[in-house]
Amino acid sequence: MNIVTVEEVKEHMALQDSEDTDTTLERCITSATSILEATLGTSLSTYSTLTDTFYLNSTDRPCDPKGFFRLRLTQSFLTDDTVVVKYGTEIDAISTGMSATEYMLNRRKGILYVPEEYDFQYVTIDYTAGFRIASENLTANLPPEGLKQSMLSVIPLVMNTVQITNRSEEWQTVLKEGYSHASTHLQPYLRGYGLQHKPLDI
């Protein structure tokens, strides 16, 4: 599902209904989504189930000051579905379950915190991430308001940037301020990079 709909953008920008307008906005939503995905380092697509595998090595990436490894999942914005965490000393023998009381999970940012006692262990995480509406067997995981506001800030900039006449210094200032406004809304969802383990490429 899209972060915002064409109808929401038209209302936000006070645009009139027309087929050409809808087509243009659909393209702008796609472009704005790519910009936000690059900024946040995560897909903003419809929900899917994923498995990430890590190797915890304090020599390569030390723990944070509180004694936790930070595991940066492939995607953020996890649903409230059950997360399964397992570990093992060999990559083909990751079978021991880790209790949910042992780790901490930031579902919004997609960061799992594992105690330093698991140094030199392989860890897998099975989880579901992405946005969805409620259905018979699933709870909703809707885009947060800050993400929607950031998208609504970026779309007009994308729409105007493609116009060849928008190359003045004044427009560059507007562009800079617009992206700054969007970035403010994205702050709660930024994941950072320091002291983070990334999934193995397997």
All positions within the stretch 1-24 that are in a helix (DSSP H, G or I) and polar (S, T, N, Q): 21, 23, 24
Count of the stretch 99-109 residues which are surrounded by 15 or more Cβ atoms within 10 Å (Cβ to Cβ), out of contact with any Leu (no Cβ under 6 Å at 6 or more places or on another chain) and assigned to a strand (DSSP E or B): 0
First in the stretch 43-72 and farther than 30 Å from residue 32 by Cα, second anywhere and small (Gly, Ala, Ser), Cβ under 9 Å, 6 or more apart: 64/194; 69/58
Of the criteria (1) farther than 21 Å from residue 37 by Cβ; (2) touching a Ser or Thr at 6+ places or on another chain (Cβ under 9 Å); (3) at pLDDT 95 or above, which one residue 105 fails: (2)
Qualifying residue in the stretch 49-57 (condition: surrounded by fewer than 16 Cβ atoms within 10 Å (Cβ to Cβ) and assigned to a loop (DSSP other than H, G, I, E, B)): yes
Subset of the stretch 90-109 (residues that are touching a strand residue (DSSP E or B) at 6+ places or on another chain (Cβ under 8 Å) and under 16 Å from residue 199 (Cα atoms)): 90, 91, 94, 105
Some residue of the stretch 73-80 being in contact (Cβ under 8 Å) with a residue 12 or more places away in the chain, over 16 Å from residue 190 (Cα atoms) and buried (at least 16 other Cβ atoms within 10 Å of the Cβ): yes
Any chance residue 112 is of a type outside the set (Asp, Glu), in a strand (DSSP E or B), free of Cβ contacts under 8 Å to residues at least 40 places away in the same chain and closer than 30 Å to residue 148 by Cα: no
Test: residue in the stretch 72-95 that is under 22 Å from residue 48 (Cα atoms), in contact with a His (Cβ under 8 Å, 6 or more places away or on another chain) and outside any loop (DSSP other than H, G, I, E, B): yes
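Considering only the stretch 35-42, I want to know if a residue exists there that is outside any loop (DSSP other than H, G, I, E, B), under 25 Å from the mean Cα position of the chain (by Cα), under 15 Å from residue 197 (Cα atoms) and in contact (Cβ under 8 Å) with a residue 40 or more places away in the chain.
First pass over the stretch 35-42, keeping only residues outside any loop (DSSP other than H, G, I, E, B): 35-40.
Then keep just the ones that are under 25 Å from the mean Cα position of the chain (by Cα); that gives 35-40.
Still in the running and under 15 Å from residue 197 (Cα atoms): none.
Looking for residues that are outside any loop (DSSP other than H, G, I, E, B), under 25 Å from the mean Cα position of the chain (by Cα), under 15 Å from residue 197 (Cα atoms) and in contact (Cβ under 8 Å) with a residue 40 or more places away in the chain, one finds none in the stretch 35-42, hence no.
The values are calculated or read from the model by the stated rules, or taken from the named source; none is laboratory data. Quantities reported herein were computed from a predicted structural model and do not represent experimental measurements. Quick reminder, even Gly has a Cβ in these numbers, built from the backbone with ideal geometry, and neighbours come from all protein chains shown.
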